[in-house]
Each structure stands twice: as C-alpha cells, then as structure tokens.
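The values are calculated or read from the model by the stated rules, or taken from the named source; none is laboratory data. Since the structure is predicted, the reported quantities are computational estimates derived from the model, not experimental observations. Here the Cβ positions follow ideal geometry from the backbone for every residue, glycine too, while neighbour counts run over all protein chains shown.
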Amino acid sequence: MVGSVRARRRRAAELNRLVRRLAQRDPATASHSRRVAAMVELIANALRLPRADVERARIAALLHDVGKMDPRFTPLLGKEGPLTSDEWAVMRTHAAVGAAIVARETRVRDVIALRGVADAVGHHHEWWDGNGYPDGLRGRQIPLESRIIAIADTLDAMTTDRPYQRGISESGAIAGLQALRGTHLDPRLCERVLAPALWESVWATAQMMREEAHGEAGGIGADDAVDSRSLLDDIRDEYERRLRSSGGREAQSELPDAW
Ligand SMILES: [Fe+2]
Ligand SMILES: [Fe+2]
C-alpha cells in the first residue's frame, strides 16, 4: 500500500516535471494541451469510462504533444507561415517521439492504472480510416484514448487563431467535426461529443480556458485570476444536471467496451 502511494507520488512528480518543461519550452503547445486534456476528461466521463481510464485519457491528453519538446522541432514551431512538405514530414514524427519520451522519462508503465499512456500519446494522429500516422491503424485498432484525444485536438486546432489562419466559430467547428466523421475521426464518438449537453460543456470549457490564457498574457494579476478548476467543476456539474433532467439520454446504455 505504502509502495503504491510512493509510486503515485513519484509518477505525479515525473508527469508534472514533463508538463512544466513543455510549458517552458513551448507555452502555446502547453496551453493547447491543457485545453485538450480538459475536453478529453469531460468526454471520457460522459462515456462513463472507469475512473482509471478517464485518468489515463486525461494524462495522455496533457502529454499528447510532448514530443514537440525535442530540439529537432524547435525551428518548425517557431516558423512563421505554413510548413513545407519536408518540414511536415519531420513534424509528424512528434507522435512517436512523444510516446518514447513518456515511456522513457516516466515510470507510467509500472503503474497498472496508467499502462497505455505512451501508447495513447503515440497514436493520437491515427485516423479512423487508416490514413493517419505513425502506424496507419484504423477503427478500433486505435486506442480509445487516442480517438478521444483526436477529436479534442482537432477541435482545438480548428478554433485557435494562427498567424496565417483565424480560428473558426462554434457553428464552423460543429460543421468541421461532422465533415471529419468516419475519415479522420471515430464517427460514433463524434456523434456523442456533438450531442447538445456534452457539446455545450466541451465548447464552454475550451472557450473559458482560451480566454483565461489571453487574460494571463494581458497581465491580469494573481488576485484577479479566475480559479479555473472551480469553473470547470461548475461546467461539469451543469452538464451532469442537464443529463439527469434529460433522463440520461446522452450517456445511456453503451458500456465502455462497446467503444
Ligand atoms: Fe500532435
Ligand atoms: Fe495537439
């Protein structure tokens, strides 16, 4: 028992160190990862996954782009304007590099509840139709955590302003996800995410965290800082309340292994 508490502490410290290093090296990727993790946690809870699976998905989401910390990606991340095809080929290796970093730098493999985090990180760019990378996995060959991360990751990428592209609106994001069902993204998971109550929670969470990040950049003092954790809890509570009042229609029946 004591050993498992020690293992959890050690694991938490290792993960925190990794996330902090990512935040120092690449703040934009770190705040993207935090938004993706918050959305993934909401979705995994809505699917009624066991707690350990929700936690694994959340941690994998937090670390999904940790491969970009590798120095080979630094010039690409700092580049203004779109990448060339050769640069994209290098960039695409970040998924496998990330899986290797997670496996090497943490001992998550030793903690039963977290086995599979490196795997989920390594496969977050696989496509439902097999056209993704690095391994061209398709359908349910792709770990469930990676399929959930892919939806949140795509959504966040679509809605983020970039120097060469403005983020799109909520209706544009819905249309964008619908257009990718069955090619890039798991179609049933997409439908679940787009069901009204869950969608509202996912969208509100991402927007709130984005505004908060802008606020920090604008120099809001610590005293003014909004407690994001309690706001996220409010959004989750509101989602649960709406779910109960709808008779649980959005979260009913499917057991985790149906995914
Ligand atoms: Fe990625
Ligand atoms: Fe990402």
Looking only at region 139-155, which residues are surrounded by fewer than 21 Cβ atoms within 10 Å (Cβ to Cβ) and either under 24 Å from Ala175 (Cβ atoms) or within 16 Å of ligand 2 (Cβ to nearest atom) (or both)? Gly139, Thr154
Identify the residue in region 156-177 that is at pLDDT below 85 and within 15 Å of ligand 2 (Cβ to nearest atom) and, among all such residues, is nearest to Val40 (Cα to Cα). Thr160
Name, by its number, the condition in (1) away from ligand 1 (no atom under 16 Å from the Cβ); (2) under 25 Å from Val54 (Cβ atoms); (3) without any contact (Cβ under 8 Å) to a residue 40 or more places away in the chain that does not hold for Ala195. (3)
Kindly check whether there is at least one residue in region 187-204 that is buried (at least 18 other Cβ atoms within 10 Å of the Cβ), modelled with pLDDT of 95 or more and not in a helix (DSSP H, G or I). no
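What number of residues within region 72-105 are closer than 13 Å to Leu22 by Cβ and away from ligand 1 (no atom under 12 Å from the Cβ)?
Total satisfying the criteria: 4.
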Does Gly182 fit the bill of being more than 16 Å from ligand 1 (Cβ to nearest atom), at positive phi and more than 18 Å from the chain's Cα centre (by Cα)? yes
Residue hits (region 48-69; away from ligand 2 (no atom under 15 Å from the Cβ) and either buried (at least 22 other Cβ atoms within 10 Å of the Cβ) or not aliphatic (A, V, I, L, M) (or both)) are Arg48, Pro50, Arg51, Asp53, Glu55, Arg56
